[in-house]
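The values are calculated or read from the model by the stated rules, or taken from the named source; none is laboratory data. Nothing here was measured: the structure is a model prediction, and the numbers come from that model. A quick note on method: Cβ atoms are made from the backbone with ideal geometry, for glycine too, and the neighbour counts reach across all protein chains shown. Side chains are part of the model used for accessible areas, which takes the heavy atoms of the whole protein and leaves out ligands, DNA and RNA. Shrake-Rupley method; radii C 1.70, N 1.55, O 1.52, S 1.80 Å.
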Amino acid sequence: MMSDNSGRKLAPPRALLLDFGGVIVSTTHLPGWRERLALHVHGLLVQAGAQASALSVEQITADIKAGGIADSHWKDAMSRPLAPRELRHEEFWGDFVAGDWPQQARDVVVAEAYDLCRKMGNWKSERVLRTGMLDLLDAADRAGVPVGIVSNALCGQVHVDFLDVHGLTGRFAVVIHSDEVKLRKPNPEMIWLATRSLGIEPEAAWYVGDNFDRDVLCGKRAGIGGNILMEAKGTYDLPYDLKLKPDAIVADPVGLLGLFREAGRGIAA
């Protein structure tokens, strides 16, 4: 397990940029989501008269599972290029899920790709706000430090849906989702989009993510002022060896709040 940090002293941030999954929320997969989604897709095919009889719900379920595995491997590979792009909704459904389907059936899911990605995100996982996150947002507000979201997402609207339901949308000064800007971390432009929007330089901000190959690497490439790793499920499951040291490692938002207060010398307390 990698647990050492860079030893660099953290200056008080002028902005706090957070990953979504693993930092703002913890995520747990829900049972039966693939079958639910496959049943919905089958209904779309029947409605369109798209040779649905050739594709059973079981086969669609299997292809959704295979597509997800392919997507996971693709994401690991995209941590290697300097400036990776994000996978389009149509690519996920047309290529990763439905590549071998009859053309008419493939056309249906490609046409519905955005809505299917949104449904998949909402049906696949339960999201719970991590302990201490509201206290962190309150402390940042009192300190006059804007908080933003910089997150990879096949469908960022799923994150917005969660924020809307919990009345948190207005707590974030900027929201950068990879599917909307067509880039993905560790592309440093993801962070630069946020800092430009806030009118600050990257070295004046902190970025907090939960993994090395996308988040810590992105912060390093972007020249972020505070490159912070927050531990979550899978944080230390690296797809390949990386000699990266974040500036600090925290267990949760409670730990991040402590770091924020320490850097601010009590200003945010």
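When Phe96, Phe92 are screened for being open to solvent by 50 Å² or more (accessible area, probe 1.4 Å) and either small (Gly, Ala, Ser) or within 23 Å of Gly234 (Cβ to Cβ) (or both), only Phe96 passes.
You will find that of Gly255, Gly266, the residue that is modelled with pLDDT under 95 and either among the small types (Gly, Ala, Ser) or touching a helix residue (DSSP H, G or I) at 6+ places or on another chain (Cβ under 9 Å) (or both) is Gly266 and no other.
Filtering region 157-173 to residues that are over 18 Å from Glu126 (Cβ atoms) and in contact with a helix residue (DSSP H, G or I) (Cβ under 7 Å, 6 or more places away or on another chain) leaves Thr169, Arg171, Ala173. For region 1-51, a residue qualifies if it is among the small types (Gly, Ala, Ser), in a loop (DSSP other than H, G, I, E, B), open to solvent by less than 80 Å² (accessible area, probe 1.4 Å) and more than 21 Å from Leu163 (Cβ to Cβ), and the qualifying residues are Ser6, Gly7, Ala11, Gly32, Gly49, Ala50.
Condition test on Ala105, is it surrounded by 20 or more Cβ atoms within 10 Å (Cβ to Cβ) and either at pLDDT below 95 or of a type in the set (Gly, Ala, Ser) (or both)? So Ala105 fits the description; yes. Reported count of residues in region 197-212, each being under 29 Å from Thr28 (Cβ atoms) and open to solvent by 10 Å² or more (accessible area, probe 1.4 Å), is 2.
For region 120-142, taking the residues that are crowded, with 18+ Cβ neighbours inside 10 Å and of a type in the set (A, V, I, L, M, F, W, C), the one that is nearest to the chain's Cα centre (by Cα) is identified as Met120.
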